[in-house]
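Notes follow the structure.
The values are calculated or read from the model by the stated rules, or taken from the named source; none is laboratory data. Here the structure is a predicted model, which means the values were calculated and not measured. Glycine gets a Cβ as well: all are built from the backbone with ideal geometry, and neighbour counts include every protein chain shown.
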Amino acid sequence: MVSSAASGDKSGGSLRVTILTNYFPPEGGSGSRLVGQFARYLATRGDAVDVYCPQPSYHVSHDQIPAGIRIHRRLAPLPTQLPHRLRRGLEHLVRPLLLAAATGASPDVIYVWLPPPALVPAAILLGRRLRCPVVMHVQDLFPFNALDTGALHSTTLANAMERLLRPLYCRAREVVVHAPSAVSYFAGLGVPCRHLPNWVDVPPGPPAPPTLGRPLHLVFAGVMGLAQGLHSILEAATQLRQDSRFRFTFAGDGVRRPEIEQEVARRQITNVTLQPMLQPDAYRRLVADADIFLVSLAPTIKYPVIPSKIGDAMAAGRPIIAALPEGDAADLLRISGAGLVVPPGYGSMLAQAIQELADNPERLSAMGHAGYRYAQTHMATAVVLPQLREILLGRQ
């Protein structure tokens, strides 16, 4: 029988939390930042936090490791000469096993940040071994995300993987999702599931509005991967390259980065500046410097997802123009009033929306202010993180 302490249903006081994650500071990226912020919050509440994570390898930042947290790092011993995508895939299989095998003392609850999907069985086996509950925080719903992005082509294989994961999800005490429509998937499995938006640091007072000068600065910043559908933005920049009212900045890295660089050079798009993946402070400055923040997803994306950069732009009070398929991200922009949504894959429609809003500075300012208000009310760390801790405590 599991003790009341190990059940995670504590009436008060501090928690002993084990975090399993593939991403943690000083590694770069939104996942690392979010998990790091939550671990820091738990530590400030007096909770004992042990983080099991790999050695940082992806755009290591200058951020300080959160204080008051015991960090246990493991290195996946894979040959460095392997092709990048194969190595990344094997790391996503090997790392979770190493992290789960490394954990020792029994916590009150295991909190696991997903992906990679191999952390699902690793966390469940660990929870059984340590006799404690597991809370899963699902960002990308596998294998649907892999099918939508083209990372996985076989629906037969995807269906087999999904069937393997279902009973494991059912062993979690609760699942947390950042995209509202993902709740129905887990509800269909009979798994308790809660929607909480991904959190963001929101300044206490409204940020300075965009300058809306000439040329207007349009910014895309983040992962340049299979899901982002960046060709919509690239096509819009191409169509507007002779219009002196606009300049574009692309900042980030990913598998599509070389392709974007080649296209910018080939098309001689002189109104585009390319920047690398930025350190957190530089990223925040770039977002603040934007007059319009651009977001895109590929037309094939159907799985529940809300790009974290949307929250960053909203918190900074920046209006958003987004090329998105119908779904959670488009719904968020419409509900909040933070931005304008056009269909994905049509650069001409995105260019037209940019031109129309350029002539309507009042609407741009109103969207930026609406996004800030929404983020302050629903997405701020001070709002979301206490709710997430309550879930770890086992409170409904």
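Side notes on the structure shown:
- Region 276-309 - residue that is in contact with a Ser or Thr (Cβ under 6 Å, 6 or more places away or on another chain) and polar (S, T, N, Q) and, of those, modelled with the lowest pLDDT: Q279
- In region 253-266 there is at least one residue matching the filter, namely being modelled with pLDDT under 95, surrounded by 19 or more Cβ atoms within 10 Å (Cβ to Cβ), in the same structural domain as I306 (by TED's automatic domain parsing) and part of a loop (DSSP other than H, G, I, E, B).
- Verdict on H369 being closer than 30 Å to E174 by Cα and either part of a helix (DSSP H, G or I) or in contact with an Asp or Glu (Cβ under 6 Å, 6 or more places away or on another chain) (or both): no
- Looking across region 11-66 at every residue that is modelled with pLDDT under 80 and touching a helix residue (DSSP H, G or I) at 6+ places or on another chain (Cβ under 7 Å), the one that is surrounded by the fewest Cβ atoms within 10 Å (Cβ to Cβ) is identified as D63.
- The set of residues in region 156-165 that are exposed (fewer than 14 other Cβ atoms within 10 Å of the Cβ) and either in contact (Cβ under 8 Å) with a residue 60 or more places away in the chain or under 17 Å from D140 (Cα atoms) (or both) comprises N159, R163, L164.
- Among the conditions (1) out of contact with any strand residue (DSSP E or B) (no Cβ under 8 Å at 6 or more places or on another chain); (2) touching a residue at least 12 places away in the same chain (Cβ under 8 Å); (3) in a loop (DSSP other than H, G, I, E, B), V202 misses just one, which is (1).
- Some residue of region 310-326 being touching a Pro at 6+ places or on another chain (Cβ under 8 Å), more than 20 Å from R241 (Cα to Cα) and surrounded by fewer than 23 Cβ atoms within 10 Å (Cβ to Cβ): yes
- Elements of type strands (runs of 3 or more DSSP E) in region 273-363, at least 2 residues being small (G, A, S): 320-323
- Filter pass, D281 being in the same structural domain as L340 (by TED's automatic domain parsing), surrounded by fewer than 16 Cβ atoms within 10 Å (Cβ to Cβ) and under 18 Å from the mean Cα position of the chain (by Cα): yes
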